1. Pick from Glu570, Glu523: which is out of contact with any His (no Cβ under 7 Å at 6 or more places or on another chain), open to solvent by 20 Å² or more (accessible area, probe 1.4 Å) and over 16 Å from Arg389 (Cα atoms)?
2. Might you let me know whether the range 125-144 holds any residue that is out of contact with any Leu (no Cβ under 8 Å at 6 or more places or on another chain) and free of Cβ contacts under 8 Å to residues at least 40 places away in the same chain?
3. Quick check on the range 218-232: of everything there that is over 28 Å from Tyr140 (Cβ atoms) and not in a loop (DSSP other than H, G, I, E, B), which residue is most open to solvent (accessible area, probe 1.4 Å)?
4. Between residues in the range 681-701 that are within 23 Å of Ser556 (Cβ to Cβ) and residues that are open to solvent by 40 Å² or more (accessible area, probe 1.4 Å) and outside any loop (DSSP other than H, G, I, E, B), which pairs lie under 7 Å by C-beta distance while being six or more apart or on different chains?
5. Note down all Cβ pairs under 8 Å where the first residue falls in the range 622-636 and is at pLDDT 95 or above and open to solvent by 20 Å² or more (accessible area, probe 1.4 Å), the second is of a type in the set (Phe, Trp, Tyr) and not in a helix (DSSP H, G or I), and they're at least six residues apart or on different chains.
6. Looking only at the range 20-29, decide whether some residue is of a type in the set (D, E, K, R), out of contact with any strand residue (DSSP E or B) (no Cβ under 7 Å at 6 or more places or on another chain), modelled with pLDDT of 95 or more and more than 20 Å from Asn126 (Cβ to Cβ).
7. Can you tell me which of Lys765, Lys746 is open to solvent by 10 Å² or more (accessible area, probe 1.4 Å), more than 20 Å from Lys666 (Cα to Cα) and not hydrophobic (A, V, I, L, M, F, W, C)?
8. In the set Pro604, Pro645, which member is open to solvent by 30 Å² or more (accessible area, probe 1.4 Å) and without any contact (Cβ under 8 Å) to a residue 60 or more places away in the chain?
Amino acid sequence: MRPFIHSSILVLVLAGVLSAETGYDAWLRYQPIQDANVLELYRDLPASVVILESSPVLKTAQSEALRGLRSMLGRTLRLDNKLPDESCILLATLAEARQVLTGTDLPANLPDDGFVLKTTAVHGHNVVLVTASNDSGVLYGTFALLRKINLHEAVDHLDDREEPSAPIRWTNEWDNLDGSIERGYAGRSFFFENGSVVPDLTRAGDYARLLASIGINGSTINNVNANPLVLSSDFLPQLVRVADALRPWGVRMSIAVDFSSPKIVGHLDTFDPLDPKVAEWWKNKADEIYRAIPDLGGFLLKADSEGRVGPSTYGRTHADAANVIARALKPHGGVLVYRGFVYDHHMDWRNLKNDRARAAYDNFAKLDGKFDDNALVQIKYGPIDFQVREPVSPLLGALPHTNELLELQVTQEYTGQQRHLCFLLPMWKEILDFNLHASGGDTPVKDIVAGKTFHRPLGGFVAVVNAGHDQNWMGADLAMANLYAFGRMAWNTSLPSARIVDEWTRQTFGDDAEVTDTIDNLELRSWRVYEDYTGPLGAGGLTDIIGVHYGPGIESSERNGWGQWHRADEHGIGMDRTIATGTGYIGQYSPPVAAMYESLEKCPDNLLLFMHHVPYTYVLHSGKTVIQHIYDSHYEGAAEAGRNPELWKRLRGRIDEDRYEAVMTKLEYQRGHAIVWRDAVCNWFFRESKIPDAKGRVGHHPNRIEAEDMQFKGFKMQAVTPWEDASGGNAIICPESRCTATLTFKGPSGWYDLAIQYFDQNNGKSHFSVADGEQSLGEWSADLVLPSAKLDSHTSTWHTIRGVALRTGDQIHIVGVPDSAERSAIDYIEITPEPR
């Protein structure tokens, strides 16, 4: 007899099977555990979750424990607010735990946010204890307990103690009040829209949950290029709403402020930091805000940088500017974070002694000890601007008497903007472990920043994240690993990269060994791969630095005031930053570090061109010349990126189809754009140096047919600027309603892949179709979101049609239909034998 299935049960079953994975839950999916042997590990887990006080954060910890355990173990635990006469999971501060667990060995104290996980007993009943010195620590411990279960670790004999590496672990969100996000690649703001805070802050609260789960305890919610409106009294009730959304997760809100606010908002006749009425205005403003938001983290200030006004208006110092605000915040426990990103963007590029890399040190080192004890200088990891390879900023070792924050970037401004896979933790680990010898001994950056080297009261880590309204927060599923990695690294700077990424992969995609091995491998290789096909040997500025900071722009950094030069010409490449003959930048390091960089023989290859100007024929430690390294690294990096889609194919059917297809689309795009990078850089340096590639690759593309060499109807040839952004320097565009380009296939009959390189501008959605004679081979729309309206390296992309049977003499037709200002531009077609 056929069993009866109630319709509501069937709907629920189908919903579970068909439900889409959006990436919204990130690493907090709490996927149900199916393995009976793993479930056995948690058979004796207590049936109740207890809190003894009902603060908002403790309530959050309790509800999160219920949510996670119900999802992973299929059990709905009881929620209690007093210790029951049975086994339980107890979430309590140390003070509370001591009152009810009198026989348990508890630590005498813990630093703020540190926690202990411990299995103990009371009155003969088992207790799984999560305890900390403060409520936030209990929440972090709760997430740690859930993480252990998510990773299938035993929890029956717990005795773990964790302490954060540094007290400040914040994100910077560069959200504007109109809802846009500067350097944001994942949609619009979930904090602001149309000059106001959004009506529904649910997503902001869910973001705070993600941050809390990895130990992040603060977030600056608005752009460092701050709108003065955020300090107006009328806007304060809206800020209160955001703080309320973040507070249950222990995330303290902070705000970026404009230094001229006393004049613009307060209507004073000055914003001079040494003027008493300015100091009084900042004090009154801080008092007003803290009355409404008592747990505000503080203010972030960018001043005298990139057009922002600052203390130089009145001949004052950065310490003067920081301290007038820090003193207003101090009675409330707030901090003033002063961004050390200060430089002159109108430098004379003709002066070979000018050097933007010197700027942070030159501006701030002389002010060491002059900042108040609740002020911090926020210092970018390198002296330029979030490049794929920079030396550690010498300023980090030059402020023994000043609190520091290390500024990193999760949003991939110069590292692929989430369209390219580039996992940044291996870079960050190199920075953290670098020994600056700042006190004459071993002083790795991680100890300096955390305040351990110089025993400073404050310190920590900040990441520019710029999460947006895209379902998966960062605009790409695999890019979320960078946010997870930042939080885990900021919490414990000693955790290995391989462990952190494996935690993220398993929680995000599950425990399938093929899945975890493949994704871990893709992530851990990706930074070096990206570096290989973009910026060689520490040469900055090959990315378009005066535009959108995305595709190649080899000359964009030259002959302008932005100071991000690489000084490449027909003879050689690199900035001479030596003490002996260059800008003197190397002299900003301690003697042991300076000696390494000053010497051509000792300088590591991967930073050679950052420190020295050398001829293209200079021989590296690897035995290659500089020019051959440029050629080889770009071809090898592009080839590595090209293999990633093949690795990803192994996972079809092993993860949900939604995320499988989303990631495959990104990896296929990266495969094509890596070739754009490869060709642009190699062709430019070949033309400049006139030194051929020893392997004969540069300038030789036997399978490539330039669009301008095809027969076309309606299409018109157009030069592309700069010339290296298109193969052969030209493309064809369609100024009409429909255009056709045709080529005759001259190769032997067989199976081939067809790659059409075209330009997907952001000012329309043109349409393409390809046919072999009368037979359609496929069609697509140019509807990617790319950061340019021009035919250039930012919009150059490709579409691949695989497994096409071609015969000698076949006529291949490409039809372009333009839309709005996007003109169905085509660069070339590449026909390669199908891999066997």
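The values are calculated or read from the model by the stated rules, or taken from the named source; none is laboratory data. Given the structure is predicted, the values throughout are model-derived calculations rather than measurements. Quick reminder, even Gly has a Cβ in these numbers, built from the backbone with ideal geometry, and neighbours come from all protein chains shown. Just so you know, the surface numbers come from the protein's heavy atoms only, side chains and all, with ligands and any DNA or RNA stripped out. Shrake-Rupley method; radii C 1.70, N 1.55, O 1.52, S 1.80 Å.
1. The unique qualifying residue is Glu570.
2. no
3. The selected residue is Leu229.
4. Close Cβ pairs (under 7 Å, with a partner that is open to solvent by 40 Å² or more (accessible area, probe 1.4 Å) and outside any loop (DSSP other than H, G, I, E, B)) amount to Val698/Phe686; Gly699/Phe686.
5. Cβ pairs passing all conditions: Thr625/Tyr616; Thr625/Tyr618.
6. The answer is yes; a qualifying residue exists.
7. The unique qualifying residue is Lys746.
8. Pro604
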